[in-house]
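Inspection log for the structure reproduced underneath, given as structure tokens.
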């Protein structure tokens, strides 16, 4: 769901905190991707997003089925409009019916195109809102854990630079608070929601 974040999460406790944090070793790391992916609310949000997408897809299939039926009816009307076995008046009537059916098809095609645009916008909006809400909760949990442990700086080891290279090239893992934050966030997870407790990989 969540791609690698071009982000360094920094918690600074006042001006000049970075040099002080380095000097005193008060720096922690987190794997923000791992926290996001294994937060129980992320799994619930993804399930809700998939259900919404499936509902929209079902509506889209129904509209496409209706369009196919209209097209079949149009082809039959168009064929019957050239039937020389009937009177010219009847052929004209059938031709008018075919033109009316074609107009209905074009209107339905426009409705389908509008539906597709709206469906994409709806899914994108729901996905962005979900991501932003969850990241806000995760950030709060990281800040709380960092302050409680006396860390002045927290770096995201999953973040990449604009050149798609790792921002954090090495960390010992000694001050990694990923699992502690995950445990805190998943403390009240429903029993049916699986959570991950494997330690983060060192770089």
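Does at least one position in region 137-155 carry a residue that is in a loop (DSSP other than H, G, I, E, B), touching a helix residue (DSSP H, G or I) at 6+ places or on another chain (Cβ under 8 Å) and under 19 Å from residue 36 (Cα atoms)? Scanning region 137-155, I find no residue that is in a loop (DSSP other than H, G, I, E, B), touching a helix residue (DSSP H, G or I) at 6+ places or on another chain (Cβ under 8 Å) and under 19 Å from residue 36 (Cα atoms), so the answer is no.
For residue 170, the test of being at pLDDT 90 or above and part of a loop (DSSP other than H, G, I, E, B) is failed. Check whether at least one residue in region 39-52 is outside any helix (DSSP H, G or I), closer than 30 Å to residue 127 by Cβ and touching a helix residue (DSSP H, G or I) at 6+ places or on another chain (Cβ under 6 Å), and report yes or no. Scanning region 39-52 turns up at least one residue that is outside any helix (DSSP H, G or I), closer than 30 Å to residue 127 by Cβ and touching a helix residue (DSSP H, G or I) at 6+ places or on another chain (Cβ under 6 Å). What's the total number of residues in region 53-96 that are part of a helix (DSSP H, G or I), over 22 Å from residue 112 (Cβ atoms) and touching a helix residue (DSSP H, G or I) at 6+ places or on another chain (Cβ under 7 Å)? Residues that pass the stated criteria total 2.
For (1) farther than 30 Å from residue 62 by Cβ; (2) free of Cβ contacts under 8 Å to residues at least 40 places away in the same chain; (3) surrounded by fewer than 16 Cβ atoms within 10 Å (Cβ to Cβ), each residue gets a yes or a no:
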position: 84; (1), (2), (3): yes, yes, yes
position: 90; (1), (2), (3): yes, yes, yes
position: 100; (1), (2), (3): no, yes, yes
position: 116; (1), (2), (3): no, no, yes
position: 119; (1), (2), (3): no, no, no
position: 125; (1), (2), (3): no, yes, yes
position: 132; (1), (2), (3): yes, yes, yes
position: 142; (1), (2), (3): yes, no, no
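Here residue 161 fits the description: surrounded by fewer than 13 Cβ atoms within 10 Å (Cβ to Cβ) and touching a residue at least 24 places away in the same chain (Cβ under 8 Å).
The values are calculated or read from the model by the stated rules, or taken from the named source; none is laboratory data. Keep in mind the model is a prediction, meaning the values are calculated, not measured. All Cβ positions, even for glycine, are placed from backbone atoms using ideal geometry, and neighbour counts span all protein chains on display.
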